[in-house]
1. Sort SER545, SER379, SER479, SER15 so the one with the fewest other Cβ atoms within 10 Å of its own Cβ comes first.
2. Which of the chymotrypsin sites (Phe, Trp or Tyr not before Pro) found in region 203-260 are in a DSSP loop and have at most 14 neighbouring Cβ atoms, other than their own, within 10 Å?
3. Let me check against my output: what whole-number percent is the relative contact order of the chain, with C-alpha pairs under 8 Å and at least 6 apart?
4. Is region 169-379 rounded, prolate or oblate when judged by the Cα gyration tensor, a ≥ b ≥ c being the square roots of its eigenvalues, rounded requiring a/c under 1.5 and prolate requiring a/b larger than b/c?
5. Test of understanding: extend the Cα→C-beta vector of LEU341 to 7 Å, then name every residue of region 493-512 with backbone N under 19 Å from that spot.
6. Have a look at the DSSP beta bridges in region 169-379 and tell me what percent are antiparallel, nearest 5.
7. Computed over the Cα atoms, what is the radius of gyration of region 272-362 divided by 2.2 N^0.38 Å, N being its residue count?
8. Net charge near ARG505, counting Lys/Arg +1 and Asp/Glu -1 over other residues with Cβ under 12 Å of its Cβ?
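Values in this text are rule-based calculations from the coordinates and carry no lab data. Predicted model only: the values in this text are computed from it and were never measured. FYI the Cβ positions are ideal-geometry reconstructions off the backbone, even for glycines, and counts take in every protein chain you see.
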Amino acid sequence: MKTLYIEDLEKIRKSAQAALLLREQSDSDNSDESCGLACGTPHLQLLCCGGTGCKASNSHKIVENLQKVIEDNGIADKVEVVTTGCFGFCEKGPIVKVIPDNTFYTQVTPEDAEEIVKSHIIGGKRVERLLYVDPKTDKHVSDSKHMDFYRKQLRIALRNCGLIDPENIEDYIARDGYMALANALTKQTPEEVIDIMKKSGLRGRGGAGFPTGMKWGFARTYQAEKKYVVCNADEGDPGAFMDRSIMEGDPHSVIEAMMICGYCIGSNNGLIYIRAEYPLAVHRLRVAIKQARELGLLGSNIFGTDFSFDIEIRYGAGAFVCGEETALIHSMEGKRGEPTLKPPFPAESGYMGYPTNVNNVETLANVPIILTKGADWFSSIGTEKSKGTKVFALAGKINNVGLIEVPMGTTLREIIYDIGGGVKNGKKFKAVQTGGPSGGLLTEKHLDTPIDYESLTAAGSMMGSGGMIVMDEDDCMVSVAKFYLEFTCEESCGKCTPCRIGNKRLLEILTRITEGNGTMEDLETLKSLGETIKDTALCGLGQTSPNPVLSSLNNFYDEYVEHVKKHICRAGQCKALLTYTISPEKCKGCGACKKNCPSDAIMGDVRKPHVINPYKCIRCGMCKSRCKFDAIQVF
């Protein structure tokens, strides 16, 4: 294997920067005019989102069609089609971005390829119907910089997603890729690099928020013949796709960070633990590792030094508990994926008994740019105790579903209403769940809460890995708590009694309440049992599992009381508490409801008002969906 020196890397970087320069300039310019070959533009690029979401909507066929039309028109030497990672604005995907005028086309289909090329690329005229329409002004917006979704974002961990080809190592190098590693190996000691990480204030983005530099320092302290650097890519929160998108859009940033960590702690071995449900991320990691090896960036004597490092990929089977670092390590060892008591911490005894450092994907993605731009630059962003930015998967009843990255300290209100565009269909905001199954429900009174580790914990939730699910007036908070408990019970490893038994008892109580069989004593039990589980469970999964129950009790106690005392679900989500009736004034006796009722619960003659037998009704809602006269009433 050849040796790559820092001078060689610099040559690759300079030669590869020309193509990237167009994309970087377009992100900083304010061009409101389209440019095409007819306008004298010498070279154009079409960036097409190649993330999982857009690929599921045939973005790969868009790329194929764009390339075909370009070739058919003899302009392949002037126009380049590039498949990138996620742009973040998933609600409006698939996305095609034209460079250098930065035109941002949304909800593109394979059939739109010909019009984009002929109208915009050849004719210099934008395709208006594919532009984003600002819901506030009803005007077309051509440049993503002018969209509310992007205006308050600061992309650091996501800096290369949507900008580079994740399967082209030269694109990454053109963005100063592997320069942080090169400088660390040739100009800095491990202690100096660890000190930079400590001064930056970077904390673990997997949920716990432990200082990254301190964690590296602990792992360096322990001496052993082998050490391991582990990337935790086991992203299991419902609705979360932060780490997946980083691996799909910028895999080399993770590889470079693992190598820097290896240099700091004295490790030559890297392991990426990724769930097998992420085939595209796995593919792009494999491509990136192969390219790095071929270039001499992975292997022996990297940059001519005595430092050697290589990476292997290990697969997880999708167990949520394996996001906990000791359970993850056991899974990689071929054992049952369950946590163990700490100490000893993995820094002392981890994979195969050797000192091991575990960081999640987003944490690692921040490392190279911190070393490139400096600790002071990174620590100037965010709040006093929570530095930098945080990536969130914004989902649920929100207009702008997508992947966002904001400075720590940004408020929930800014995220939901400015970036997210507010609640869908003009509905009233009710709650937002941060931190996934381990987090809590925050309400309207929490909207001005700044996003940082301490503030979210004080509000009864947590940062978590970055899931953020918005709920509206049609969501039942008791049912939401039950949903998360069902997930936790399903994913529990069963090792400790509080989690194995305690959460099942919580779920049983919630089930009784949603079925109309709860008591006021059950509400007291939910609270006391939930607090006991938090105090006694073995690992983070069990300790945080009662959070959705406790936070919903604190913020929506009146809903619980309504379920118990009045047998009412105000959101209409608990079927056992619903009563379906037919208004005799509105019913025309058409028979549509009767014909479609799966339980034969509806009786009546043609052209006469029908009635519902409450003992047969299974509350499926089929009658209401089929009635054209709004005669079905639900109480």
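1. Sorted ascending by nearby Cβ count, the order is SER15, SER379, SER479, SER545.
2. Counting only loop positions with at most 14 other Cβ atoms within 10 Å, none of the chymotrypsin sites (Phe, Trp or Tyr not before Pro) in region 203-260 qualifies.
3. Working: 1357 pairs, mean separation 72.9, N = 635.
Result for the chain is 11 percent.
4. rounded
5. What the label zone holds, given the 19 Å backbone N cut-off, is 493-501.
6. Roughly 10 percent of the DSSP beta bridges within region 169-379 come out antiparallel.
7. 1.22
8. Spelling it out: positives minus negatives among the neighbours equals +1.
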